[in-house]
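Chemist: I'd like to ask you about the structure that follows.
The values are calculated or read from the model by the stated rules, or taken from the named source; none is laboratory data. On a predicted model such as this, the values are computed, not experimentally measured, just so you know. Cβ placement follows ideal geometry from the backbone for every residue including glycine, while neighbour counts extend to all protein chains displayed. For the accessible areas, the whole protein counts, side chains as well, though only heavy atoms, and no ligand, DNA or RNA atoms are used. Shrake-Rupley method; radii C 1.70, N 1.55, O 1.52, S 1.80 Å.
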Amino acid sequence: MPDQLDRRRFLGASALTGVSAALLGAGTSGNESEEQSTGDGEDQSAESATRVIIGGVSLPASLDPGLAVDTETERICRQIFETLVGVDPDTGAASPLLAEEWEISDDELTYTFQLREGVTFHDGSTLTAETVVANFRRWGQLDYLYGFGNISRTTALAFPTVFGGYMDQDGCVLESVEAEDERTVVLTLSEPVVFLLQALTLPAFGIAASAALSDSDPGRLTRTPLGTGAYQLVSQEGGETRLQIFADYWNDATGTEEVVVRALPRSFDRLRELQRGRLDVYDCITADNLRPLVQAGRLILQRDPFSVLYLGFNLGHPVMSDPDVRQAAAHAVNRTPLVQNLFLEGSRPAFQFTPPALGVHSDSADRHGFDRAQARELLAESGYDGEPLVFYYPMATTRSYLPRPEAVFAALAADLTSVGFVIKPKPVVWDEGYVDQLLADDDRAMHLLGRNGGFRSPHSFFGPLFGQSGREFNYDTEEVRELLDQARAEPDEDQRADIYREVADLVAEDLPALPLAYPISALALGNRVADYPMSPVLNERFTDIVLAP
């Protein structure tokens, strides 16, 4: 274990000298500094030795895995529900989970999954092929169950992104899902989905017990989340989600008896609670809170960068519909100081929507580099006459792709204002429906948002953002959709990469959004925790948390 921890250490006490100057430049408020300076003692008397408390950033938006699109919802759903296919923690490859094995036909149109025996749900019912089929069919009609138009107003869900649409829609490539016998599930496709196994690891494909599924009451699953996972829900109140180990878990319940995820939106609140011994894990560290953690000798672990922060444009807005205006905004943004001043060391400016690790960056895509003179010229040519432009940004939150939203907005607004834009700030508290509010506002011109990759494919980024028409950008380009459909079925890896590069070229040309950063995400451990199961795709099982001896 010590060797593993050393390899994964992000910053230790020996690194303090090298980072102090940068940290001092990041700045903290007087109140934050005062809170931080008082946190050098540990008071663990109030916490049980059989409980781990994690400092998260918000409550889950839902406990219906099919609706999971944000990281806090996915974090909890991964513990309660399990998918047919898991993620190997060492290689990142697809591995058996609820399906102990599978076969893929030569034409890659038929997937046959053999389920494990002896798997039970939290209500005592047994996992069967019929239950798996019921879950797939439910995901395939979420737009119907929740009312036509309601789902389309949210960010893209996993099922239509992976399969090209909901079942019975023209674009959906999942023709059928059938129970061949009690333990055999057969998926039949009309076209190959080359990343299907990886996509099925998403928490959105977590299997729920039949008793929790209801066509007439789709919200039942959120109220009674019954899965096969190692943890079951105890309660969700007072800003805390409490999970308890499931004694009848099929894979031996060896994790900590209870895990509490406490929603603390402000980063310095999470820091303070960690330093006082009231948290065991402080997730989503921000650069302005790094120094006291290093000084305290905390073990800090980083996730490999697998997310992108972007500035979104509403192409349905009368001003932002002009390509010259969007290009002016793009050239006004100075990414380098933004990333250096407000993100953890190791974060990088982003010029495309897929992280470099995926290997599909296009050399021909327009980078829209910082050029203030060009921005002013483009804005003058556009005819923009200074009308205020509504700019949405979240408050009181930290996301894996957006650690300090207020500061990021301030930096972007200063850049935009300097070339002639008139910005009308629209801050919304994340937990008060930030995403829903910005999507519902037709007057919105710009917004801050990001995406964390759910599986290792460019489609994990391009598909949800640009594969379907949606309200976020009001960007609907048939050529991009057709290319993404081609990539989904292309068996040759090199040709598939070339297709994704074409998508990158088109998106850069059309500019529905401007990529800003590939952020580093990190967490700090309290004295009671020796290791935490870090994952770039956030496949972090609480049973793998290691307590200190």
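Chemist: Could you pull out the GluC sites (Glu not before Pro) across region 175-228 that fall in loop regions by DSSP (anything but H, G, I, E, B) with no more than 13 other Cβ atoms inside 10 Å? Mind showing how you got there, number by number?
Modeler: On the way: sites: Glu175, Glu178, Glu180, Glu182; in loops: Glu182.
Passing sites in region 175-228 are Glu182.
Chemist: Let me ask you something else. Given a 1.4 Å probe, how much area per residue of the chain is accessible, in Å²?
Modeler: 40 Å²
Chemist: Still on this structure, I have one more. Which one, His122, Gln169, Leu483, projects farthest toward the positive side of the charge dipole computed for the chain from Cβ point charges (K/R +1, D/E -1)?
Modeler: His122
Chemist: By how many nm would the segment from Ala414 to Glu432 grow when fully extended, if each residue of separation counts as 0.36 nm and the alpha-carbon distance is taken off?
Modeler: Details: separation 18, 0.36 × 18 = 6.48 nm, distance 2.60 nm.
Computed gain between Ala414 and Glu432 is 3.9 nm.
Chemist: Take every DSSP beta bridge whose two residues both sit in the chain, then give the antiparallel share in percent to the nearest 5. Let's see the in-between values first.
Modeler: On the way: 57 of 75 bridges.
Once the DSSP bridges in the chain are tallied, antiparallel ones form about 75 percent.
Chemist: Further question: Relative to the present Cα-Cα distance, how much length would full extension add between Asp107 and Asp492 at 0.36 nm per residue of separation? Could the numbers behind the result be given before it?
Modeler: Working: separation 385, 0.36 × 385 = 138.60 nm, distance 1.36 nm.
So the extension gain works out to 137.2 nm.
Chemist: Ratio of region 154-226's C-alpha Rg to 2.2 N^0.38 Å, to two decimals? Show your work: numbers first, answer last.
Modeler: On the way: Rg = 13.7 Å, N = 73, 2.2 N^0.38 = 11.2 Å.
Against the compact-globule rule of thumb, the ratio is 1.22.
Chemist: Okay, next question. Given the DSSP H assignment, sum -39500 (n - 2.57) over each helix run of at least 4 residues in the chain and divide by its residue total; what's the result at 222 nm in deg cm²/dmol, nearest 500? Numbers along the way, then the final one.
Modeler: On the way: 19 runs with 168 residues, N = 549.
Computed ellipticity for the chain at 222 nm equals -8500 deg cm²/dmol.
Chemist: Quick check: at a probe of 1.4 Å, how many percent of the accessible area of the chain sits on carbon and sulfur atoms? Don't skip to the answer; put the middle values down first.
Modeler: Working: 9600 of 21740 Å².
Percent of accessible area from carbon and sulfur atoms in the chain: 44.
Chemist: If R₀ is 30 angstrom, what is the calculated FRET efficiency for the pair Ser214 and Trp250, using the beta carbon separation as r and rounding to 0.05? Don't jump to the answer; show the numbers that get you there.
Modeler: Numbers: r = 25 Å, r/R0 = 0.84.
The computed FRET efficiency comes out at 0.75.
Chemist: With +1 assigned to the C-beta of every Lys and Arg and -1 to the C-beta of every Asp and Glu, and no other charges, what is the dipole magnitude of the chain about the Cα centre in debye, to the nearest 20?
Modeler: On the way: 43 positive and 84 negative charges, 450 e Å.
So the dipole magnitude of the chain works out to roughly 2160 debye.
Chemist: Related question: Please compute, for the alpha-carbon atoms of the chain, the extent along each of the three principal axes and give them in descending order in Å.
Modeler: Principal axes ranked by extent give 67, 60, 42 Å for the Cα atoms.
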